[in-house]
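What follows is a single structure, written as structure tokens, with notes after it.
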There are 2 protein chains.
Amino acid sequence: MINSRFQPDEWKITETRFEPENGRDSESLFAMGNGMMGLRANFEEKYSGDTLQGTYVAGVYYPDKTVVGWWKNGYPDYFAKVPNAPSWTGIEVTVDGESLDLAVCKVKSFRRILNMKEGVLTRTFTAVMTSGRTVEVTACRFLSMSEPETAALSYSVKITGGEGLLVMKPCLSADVHNEDANYGEKFWENESAESDGPRAVVTAQTRKTAFVVATAMENVFYADGKQVKVMAVHEANRDFASSTFEHRYHSGEVFEVRKYVAVLSSLNHPAEGISKNAMKRASEAALKGFDAMLESHKNAWNEKWERGDIIIKGDIEAQQGIRFNIFQLNQTYTGEDPRLNIGPKGFTGEKYGGSTYWDTEAFVFPFYLSTSDTHVARNLLLYRYKQLGRAIENAGKLGFKGGAALYPMVTMNGEECHNEWEITFEEIHRNGAIAFAIYNYIRHTGDKNYLTEYGLEVLVAISRFWAQRCNWSEEKKKYVILGVTGPNEYENNVNNNWYTNTLATWTLKYTSDSLEWLRSTSPVKFNSVVTRTHLDPDNELKHWKEIIQNMYLPVHRDRGIFLQQDGYMDKENLTVGDLDPAERPLNQHWSWDRILRSVFIKQADVLQGIYLFEEEFDEETIRRNFEFYEPRCVHESSLSPSIHSILASRLHDTDSAYKLYLRTARLDLDDYNREVKDGLHVTSMAGTWLSIVEGFGGMRIRNDRVCFNPVIPPAWESYSFMVRFRNNPMRVEVNGKKVTVINLSEDNIPVAVYGKETVLGPGAKENFEK
Amino acid sequence: MINSRFQPDEWKITETRFEPENGRDSESLFAMGNGMMGLRANFEEKYSGDTLQGTYVAGVYYPDKTVVGWWKNGYPDYFAKVPNAPSWTGIEVTVDGESLDLAVCKVKSFRRILNMKEGVLTRTFTAVMTSGRTVEVTACRFLSMSEPETAALSYSVKITGGEGLLVMKPCLSADVHNEDANYGEKFWENESAESDGPRAVVTAQTRKTAFVVATAMENVFYADGKQVKVMAVHEANRDFASSTFEHRYHSGEVFEVRKYVAVLSSLNHPAEGISKNAMKRASEAALKGFDAMLESHKNAWNEKWERGDIIIKGDIEAQQGIRFNIFQLNQTYTGEDPRLNIGPKGFTGEKYGGSTYWDTEAFVFPFYLSTSDTHVARNLLLYRYKQLGRAIENAGKLGFKGGAALYPMVTMNGEECHNEWEITFEEIHRNGAIAFAIYNYIRHTGDKNYLTEYGLEVLVAISRFWAQRCNWSEEKKKYVILGVTGPNEYENNVNNNWYTNTLATWTLKYTSDSLEWLRSTSPVKFNSVVTRTHLDPDNELKHWKEIIQNMYLPVHRDRGIFLQQDGYMDKENLTVGDLDPAERPLNQHWSWDRILRSVFIKQADVLQGIYLFEEEFDEETIRRNFEFYEPRCVHESSLSPSIHSILASRLHDTDSAYKLYLRTARLDLDDYNREVKDGLHVTSMAGTWLSIVEGFGGMRIRNDRVCFNPVIPPAWESYSFMVRFRNNPMRVEVNGKKVTVINLSEDNIPVAVYGKETVLGPGAKENFEK
């Protein structure tokens, strides 16, 4: 276990030292968000040390011109990036003419506390200026979870050791750039700024995409707790606005700025008048006041915790780790807007730019499905539904016809943004994950209407893709899918990836079955689907059936395993134990061809398929595959260990499950991969949640029933989690002796624990033993 | 057949119209070179129309920083590019203050003639200035083949319609750039210029690589045929130098500049004093005079034609085409310097930057081997020998050890320059082509010493690579080579490419046999090789033998063909006839994944292997493979049709052979691929030569004998070609009735024509009938 930089605590992440060498790491770890916007934990006051400045507004993107070595037909022209937006946390502080800057001053004490329960970040420090004056600062910020276009921060300063002049200058700045800009371009233009005493607004527009973002502040100044009506000096240049508060200080006097902020984007407001509107919203926040805003904010967080907390007893580090993960997921996505999605780094950094990957459906979707109201998961599905037209266009660029859809590898608006042929064009299993999410949603929520109204259009389009993408092999007398990259990105352009072929066949079958069900239950609705999709039900379904019955699914009979891909068994037969630890991670030490021809797997691939369709395989089949593939998996994706952990739990191998769980649980908090400086692995955090709920808790939806088969890691006294089934919440408590399920809803919930089926009435609480 | 822009002519390429829309095409087609330097046919006078300015100096390169979308371990930092060097053809002409510029004037007549026999380019035109004055220009240039650091041009002007002031300003300019610079960088620095009356020099140094190039001129002016001792106005700025000749002209008077040029590079001269040296060389050239220089130049060309001409009777377009190809090969590489090689575009454009590809060994090498003195081919081998250390470093970057070498895909100095993993890391068959060239050289020349002194070091290093690159497949109980790209770049990352596996096995065997031969014939020399290569003869050879005996070579038993790669027969079974012509060429219409999973082959792959090792296969095997693969080959590489044509000739299918031959014969002259603007396909021109000599002529070296099995295309009356065996030249004449072989040497030459073996004595001429 890596030695943590942070004190073990159930609810808090506390940093106790100023460590400039970890500056970017902490900026990521203490990042804040509320689904609508977010920011890295950049300091309020000037900081001339190393920093990655980051302020992000959900849904706003810039199409950064593609960089490519060797162009291939079909590559996109741009990679959509969430631009670093105008910053609003800045407060320049000058004491007797000297800038407060922790890279320059002597820092005597420093403490930063993230309160995850309340969603509040507090920073306190004492610094000694070159003049010898001691400055004590307390800064506190939150991004309102109840009014997600607003935020507030309080910044108080006490100077001891003499008297002099204190200047505090809260500001807004649109003079920002992205470190990862491909060509060093500025992403913003048409900046303007206005100020009006303690109020100001900065407005900027993204180049090319013309999103307008208005960032406003209203500042209230206090001296020794009393509001000061200063005649604020204020300025507004093109991309910068500030209010200035100057005060003669006496030793020990406390000065505070309360900065109320509103960030509005043209995604949600008319661009016309958006500056005024933002200024008005900032003023309204100021009028409401810091404490009242904070109160609503805390209440909103409280609700989130009530719906989705996991409590672990007996292992405080595990408790801290899982809460950190749940906290970040909730900061990133709240599910109120079907135009938004979950970027791999959320609002915590620039890396991976474009927002949406298959991570959403494969890892994050089950989290929101189980911990939020039905509409949240539904909005995630609608995001893809709304982009169906673009997915069809995308498939068209690759030569597919007749309404076949290929959803993009990475996107912001539905257009493909990724440009690596072996991924962009070949990692097509993502299409299957999107189909599976529809199925998963329906079995969880029972909302079959979704299928009729939206889901079938997506399913038909994806099925058409699979039907065109496979071809008949005269050699095998089977349908084959050639030239793909599976979830294991350490093999490219392979033939008959078992996972992809399985998912393709499943999609065709699920789509066909759903269409047949609709035809038999509601001919009118069926006809409506036919009309909307221009389906030729007889011929298309017949063709799909032919494929379903004749798809080639590679297996290795002697070993009784499913084969990763056709050529897998020709590889040099090694396991991870044969690797020189100095060559790990492989992707930093081996050339790409060497990785590709090795047996080593980046992340669950056959096992990902077994995870999805577990009920189709007997335990021995699962075990043989797990025992074959787990020793060949290097887990060089943050998404990997969680799926392996879930299967280990399924196989009652709690030791392995726990070891695998530990590889994800505090991945960012303890920075296992030395890359947290770039941002958090938000999407893989959902994997950790899955390893508890579906892994240790053994939660499954089977036959319109929620099932649990809990195990408990020996290191834990007990754990409990909250989940929903058919939107009815329940709590599951597990300790070494028994499992308790509490129905928190007003409906009956059909459950099965350790195979014992029962129906829990409203409010019922029942114990189960193995 | 595409309608040619050029009149049919045995020796000349003549352009008769000024067609600005074809400006870049003609700049490529009329490019000149002499192995040491070259240039595109840019106009002497100012030209404000579309143009690609290009002047190139052999061996001088700039490491242009790599552009890459997604970095992989092992990618090179730069791509070596031949920089556009200081230009020396410029002569600014002003008539009564108005610039002579064909993009502005009215062009009344225009003619450009490339005389391939003499290596001279002449351009004449008549232009009407806006003033109404008519200007007649005759420009003539050559790059001396006898003194390859010098060149000369004559530029004469006759103005009619009045009198006035003519200004002619011959100049040198280092203010040049490459259009293909990755980041718009300038490749030159430290420019300096000097001038001294009619003489001037411009010197510049490449950034990073610090090659210094000094370009000098001495100008002599004539009025009506008499040298004019003008007090030339001259100037020299940092990167520009000129002499100015001003004269009052009378209608009909003729003025001429003769510009003598020397281009010296620090590759061949000390950088210190290089400017003075160049100036001196230019003066010496001027002293020798235009006519004397031209005479030596023509003689040098004459020798080349005597050694390597192909004469075709009855098809003047074919005659013109093949001479154009031979001419370009001789312009590009003369074989005097083992540090130089043959870039795919020679000195005719910027595309493909770095100089050396596997084209050299696979296509161009046999041309020089058969048409030049032995030392030329030997220098091509030495080029790779000198880069062996770098090839071992290159393999080391990919994880290979113990002296294994992987020669680069593209290089200038031995370092890999290419960055596309599927090519750079996986198109490893290039290593085999380099080994095969050694074998080919020895069977042609009999120079076994080369093996002992140099060849075996390269062969051992390449064999070590193959031995490490294959692995034992438990599944197949064979050695396999996984994750490669064969010559068919329309399949990437495939397993067991038959061509690669065959070549690997062959290399191991040839190296082993050569070592055993040396051990038995000269233990001392054997020990020297062992010492130089740190060979462990017992263990390494034993291991190689094990691989040779157990290499997996994929075949399709039912069809009796060798398999392109393991998964080839799973593909949708189509042929080129099934393709929509609107989708050709595929690489401009299909996305990369679609190309990869299709059966369509870019260029000879299995057939390339059959070409190399033809004697190992019976005719029926060759036929089955040809008949299977030819209909699946889209020939979207300029290197492709020639190999197919040779095999068709081998199969006595003269019709197919001729059709395939036509696809390469005038590829650039008639611009089949609409890309001649970027430069000529110099390396594939050797393929056309091969389709005649090895194809129609059926030339082979077998058992220390040169064999011919000629066929003749019905369209031709007769053809003849010159080849050498053991450095002894001979001529082969073929018509519909008989084959005549003439020994032009003073040695015996063992030949076989149509299987009839004989020895031709010195000067002997013998006829053969089929």
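Summary table below
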| quantity | calculated |
| --- | --- |
| Relative packing of A:134-143, A:217-226, which averages over residues the other C-beta atoms within 10 Å, highest first | A:134-143, A:217-226 |
| Anisotropy class of segment B:195-341 from Cα gyration tensor, a/c 1.5 cut | oblate |
| Stokes-Einstein D for segment A:40-97, Kirkwood Rh over Cα pairs, 4 °C, 1.567 mPa s (µm²/s) | 89 |
| Amide H contacts of A:E92 (H built 1.01 Å from N, under 5 Å, at least 5 apart or other chain) | A:K169, A:C171 |
| Dipole in debye (nearest 20) - segment A:614-724, about Cα centre, beta carbon charges: Lys, Arg +1; Asp, Glu -1 | 200 |
| Accessible area in square angstrom per residue, chain A, 1.4 angstrom probe | 35 |
| log₁₀ of I(q)/I(0) at q = 0.09 Å⁻¹ - the protein assembly as shown, Debye sum with one point per alpha carbon | -1.27 |
| Gyration tensor (alpha-carbon) shape descriptor, chain A, a/c threshold 1.5 | prolate |
| Per-residue mean of C-beta atoms belonging to partner chains within 10 Å, peptide B:394-400 | 2 |
| Inter-chain Cβ neighbour average for residues B:481-488, partner chain, 10 Å | 3 |
| Chain lengthening between A:K737 and A:K545 when straightened (0.36 nm per residue, less Cα-Cα) | 64.3 nm |
| Percent antiparallel among DSSP beta bridges (both partners in the protein assembly as shown, rounded to 5) | 95 |
| Percent accessible area from carbon and sulfur atoms, chain B, protein chains only, probe 1.4 Å | 47 |
| Per-selection metrics, segment B:331-390 (Cα): Rg and Dmax in Å | 11.2, 30 |
| Relative contact order, percent, segment A:62-219 [alpha-carbon distance under 8 Å, six or more residues apart] | 22 |
| Accessible-area order (highest first, 1.4 angstrom probe) of the listed residues A:K229, A:K386 | A:K229, A:K386 |
| Chains A and B, summed buried accessible surface - 1.4 Å probe, Å², nearest 100 | 3900 |
| Hz values of 3J(HN,Hα) by residue in segment B:240-250 - Karplus curve (6.51, -1.76, 1.60), Gly and Pro given as x | 8, 9, 8, 10, 10, 10, 10, 8, 6, 9, 10 |
| Computed over segment B:547-688: relative contact order in percent, which uses C-alpha pairs under 8 Å that are six or more apart | 20 |
| With 10 Å bins from 0: P(r) over segment A:1-132, alpha-carbon pairs, percent | 10, 33, 29, 18, 9, 2, 0 |
| Value of D in µm² per second that Stokes-Einstein yields for segment A:591-631, Kirkwood Rh from Cα pairs, at 4 °C (1.567 mPa s) | 115 |
| With DNA, RNA and ligands ignored, accessible area of B:S195 (1.4 Å probe; Å², nearest 10) | 30 |
| When each of A:K12/A:K81; A:K476/A:K571; B:K298/B:K765; A:K571/B:K545; A:K397/B:K571 is checked by Cα-Cα distance, pairs over 23 Å | A:K12/A:K81; B:K298/B:K765 |
| Dipole of the protein assembly as shown, positive direction: furthest Cα of A:S296, A:G577, A:P86, with charges on the beta-carbon | A:G577 |
| Calculated FRET value between B:W472 and A:N587, using beta carbons and R₀ = 30 Å, to 0.05 | 0.75 |
| Farthest positive-ward along chain A dipole, Cα basis, beta-carbon charges - from A:M685, A:F221, A:V529 | A:V529 |
| Square roots of 5 times each gyration tensor eigenvalue, C-alpha, segment A:434-503, largest first, Å | 28, 15, 9 |
| Buried on assembly, segment B:493-519 (at least 20 Å² less accessible surface than by itself, 1.4 Å probe) | B:N493, B:N495 |
| Calculated on alpha-carbon atoms, Rg and Dmax of segment B:487-574 in Å | 17.7, 57 |
| Amide H contacts of A:K738 (H built 1.01 Å from N, under 5 Å, at least 5 apart or other chain) | none |
| J(HN,Hα) series, segment B:753-759, from Karplus relation 6.51 cos²θ - 1.76 cosθ + 1.60, nearest Hz, glycine and proline x | 10, 6, x, 7, 8, 7, 10 |
| Inter-label distance for A:D618 and A:S131, nm, one decimal - labels placed 7 Å from Cα along Cα-to-Cβ | 8.2 |
| B:E98 paired with A:D536, simple spin-label distance in nm, labels 7 Å along Cα-to-beta-carbon | 6.8 |
| FRET efficiency for A:H177 and A:K397, using Cβ-Cβ distance with R0 set to 25 Å, rounded to 0.05 | 0.20 |
| Listed residue (B:W71, B:F367, B:L165) projecting farthest to the positive dipole end of chain B, Cβ model | B:F367 |
| Zero-based 10 Å bins, Cα pair distances in segment A:400-469, whole percents | 20, 46, 29, 5 |
| Net lengthening on full extension, B:I311/B:S718 (0.36 nm per residue, minus Cα-Cα) | 145.7 nm |
| Pairwise FRET efficiency - A:D578 versus B:E757, Cβ, R0 = 60 Å, nearest 0.05 | 0.55 |
| Cα-derived Rg over Rh, computed across segment A:1-77 with Rh taken as Kirkwood radius | 1.13 |
| Dimensions in Å of segment A:603-729 - Rg and Dmax from alpha carbons | 14.7, 44 |
| In Å, descending, principal axis extents of the Cα set of segment B:606-679 | 43, 21, 20 |
| Additional length obtainable on full extension of the chain from B:T160 to B:V254, 0.36 nm per residue less Cα span | 32.9 nm |
| Cα→Cβ-extended label distance, 7 Å offset, between B:N3 and B:K525, nm | 6.1 |
| Distance histogram in 10 Å bins (all Cα pairs of segment A:687-736, percent per bin) | 25, 57, 16, 1 |
| Estimated vicinal HN-Hα couplings, Hz - segment A:35-45 in sequence order (Karplus 6.51, -1.76, 1.60; Gly, Pro = x) | x, 9, 7, x, 7, 6, 7, 5, 5, 5, 6 |
| Debye, to nearest 20: dipole size of segment A:515-663, +1 on Lys, Arg Cβ, -1 on Asp, Glu Cβ | 380 |
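The values are calculated or read from the model by the stated rules, or taken from the named source; none is laboratory data. This structure is a prediction, so every number in the text was calculated from the model and none was measured. We place every Cβ from the backbone using ideal geometry, glycine too, and count neighbours over all the protein chains shown. The area values use the complete protein model at the heavy-atom level, side chains included, leaving out ligands, DNA and RNA. Shrake-Rupley method; radii C 1.70, N 1.55, O 1.52, S 1.80 Å.
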